Structures are given as C-alpha cells and as structure tokens.
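Each remark here refers to the structure printed beneath this line.
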Amino acid sequence: MTPTRPVETWLTDMDGVLVHEEEAIPGAAEFLARLQELGRRYLVLTNNSIFTPRDLRARLLGSGIDVPEDRLWTSALATAQFLADQRPGGSAYVVGEAGLTTALHDVGYTLTDRRPDYVVLGETRTYSFESITRAIRLIEGGARFLATNPDPSGPSQQGTLPATGSVAALITTATGRQPYFIGKPNPLMMRSALNRLEAHSETTVMVGDRMDTDIVSGLEAGLRTVLVLTGSTRPEQVERFPFRASRVVDSVADLLALVE
C-alpha cells in the first residue's frame, strides 16, 4: 500500500466483507480481534438503515463476530447526525424502520406527518402505498427530501429485494424532486465516520467489496482503500472502473498481515 503515514484507523463495510447474509467470511473475526488487540480504532459501516447498532451487534454475534455497539456506523446514524447539524431539533416524516426512527429520536427529532421539515426515506421490508403516497404529498407541500442510501436493491435468501434507491426513484418520478442521499457513495458517510473516531483521512483505510460505493466514497474522502473480492465486485470488473483501489485482495483474511 506504500503509505506515507502509518495506518492508525480502519473503516470496513459489513456485508460482503465481514459476512454473507448470516455467515461470517473466513478471517473476519480474526481481523477485528487483531484490531482490538493492537488498540486500533475502527468502525464497521453499513448502508442498511433497518437495524439499530444493538440489533446489528446481535446479528453479528450470531455469525461469530463480536463488534461493540459503538463500533457500528449505519446510514441511519449518519443521516441523523446530518440532520442534527443542519437543522437541530427539527421534524421529519419517516418511511423506514427502527434503525432510522431510533437514530432520529436520539438526536432530538420529532417524527410527524404534519408539516415536517423533511421526508426521510430509509430501508424497510414493509413499504406501503399509503406511506409512499403521504411522502409524495408532503414533498409536494414543501418538505425537503432525504434518503439514507441510493442502493437500488439488496439481497435476501429468496432473491433480490427492492431497496431505498428504487423507492426513491418512484417518489422522484411522482414529485420531480431528487433526494439527497447520505450513505455511500456519498463521502459524507466516510467523513462522519472519521469525525466519530476523531481520525484523520491520511491515516485511515477503507475496506469494501464494491468499487462503486465503498471504494469511490473512500477515495473521495481522501482515504486509502482496499477492495476485497468476496462481495459484489468481481475480479474481471475491477479494471473497468476509471478509478482504482489502493490494494485488491482476495478476502479480509489477507488483511491480517497488514495490521501493525
């Protein structure tokens, strides 16, 4: 990686890097344990806004990976932090689940469908025609439109599921209003993670499995980047992108030798 400064902080994506669905990727638990052993600061990042950090910790423990709640950084938390900075004590109409509503409550936001400052769209497995229609009408009435992440689809054991980006496109088509996406590939997600750790971009590495979200957002935030080939981006796709990761490895297991 030929760093100019020693690596002090690590950011890593979750799905495709540490786990596949409910199964740990070999080497993931050992990698995080190594960071803990050496006292290296780190955060596990995810664009999924459904779950609270407590929920995610329980899910990871079920896979044999122990990550403290305060080491988990979701697009819901990043969205809540953005709103708290932009309009403290504001209000929002939320289409989403506990991960998002809890994060907004925790920063002092009021959740309402009466003249909210924002419509905030997040991930949910229970999108309803009624809630989407209400979001459309509130945006038409002047509410600002925010979404946790632009991912158009997500995986499940039964196959592909529509995700936040797809529902955002539906609302955009109806209203003519584009949302501001907080999660990856917006480098704001990386910046908020760095701020949470009080870390510097020049001494931080981002590990991800997607060139078009993890790697590009890390690059734009000024981080060194590592692409693992256990997730979305396949080896034959790597050279098609106009940007490059600092390093490409087969899996997170290969990073054990890089943690010092």
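The values are calculated or read from the model by the stated rules, or taken from the named source; none is laboratory data. Note that the structure is predicted; figures quoted are calculated from it, not measured. Neighbour counts are summed over all protein chains in view; Cβ atoms, including those assigned to glycine, are modelled from backbone coordinates with ideal geometry.
Per-structure values
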| read-out | value |
| --- | --- |
| Tally of residues being surrounded by 14 or more Cβ atoms within 10 Å (Cβ to Cβ), over 21 Å from L188 (Cα atoms) and more than 22 Å from the chain's Cα centre (by Cα) across region 85-110 | 1 |
| Test: V216 is aliphatic (A, V, I, L, M), closer than 22 Å to P26 by Cβ and at pLDDT 95 or above | no |
| Criterion (β-branched (V, I, T), closer than 21 Å to S201 by Cβ, modelled with pLDDT under 95 and out of contact with any Pro (no Cβ under 8 Å at 6 or more places or on another chain)) met by exactly one of V7, V17, V44 | V7 |
| Whichever residue in region 33-45 is within 24 Å of I215 (Cβ to Cβ) and out of contact with any helix residue (DSSP H, G or I) (no Cβ under 7 Å at 6 or more places or on another chain) and, among such residues, is surrounded by the most Cβ atoms within 10 Å (Cβ to Cβ) | L35 |
| In region 160-206, the residues that are touching a Leu at 6+ places or on another chain (Cβ under 7 Å), buried (at least 23 other Cβ atoms within 10 Å of the Cβ) and part of a strand (DSSP E or B) | T204, V205, M206 |
| Contacts under 9 angstrom Cβ, first residue in region 233-252 being over 25 Å from L32 (Cα atoms), partner in a loop (DSSP other than H, G, I, E, B) and of a type in the set (S, T, N, Q), 6 or more apart | F241/T233 |
| Qualifying residues in region 197-224 (those that are hydroxyl-bearing (S, T, Y) and over 16 Å from the mean Cα position of the chain (by Cα)) - the one farthest from V252 (Cα to Cα) | S201 |
| Unmet requirement for G64, which otherwise passes all of (1) within 18 Å of the chain's Cα centre (by Cα); (2) under 16 Å from D15 (Cβ atoms) | (1) |
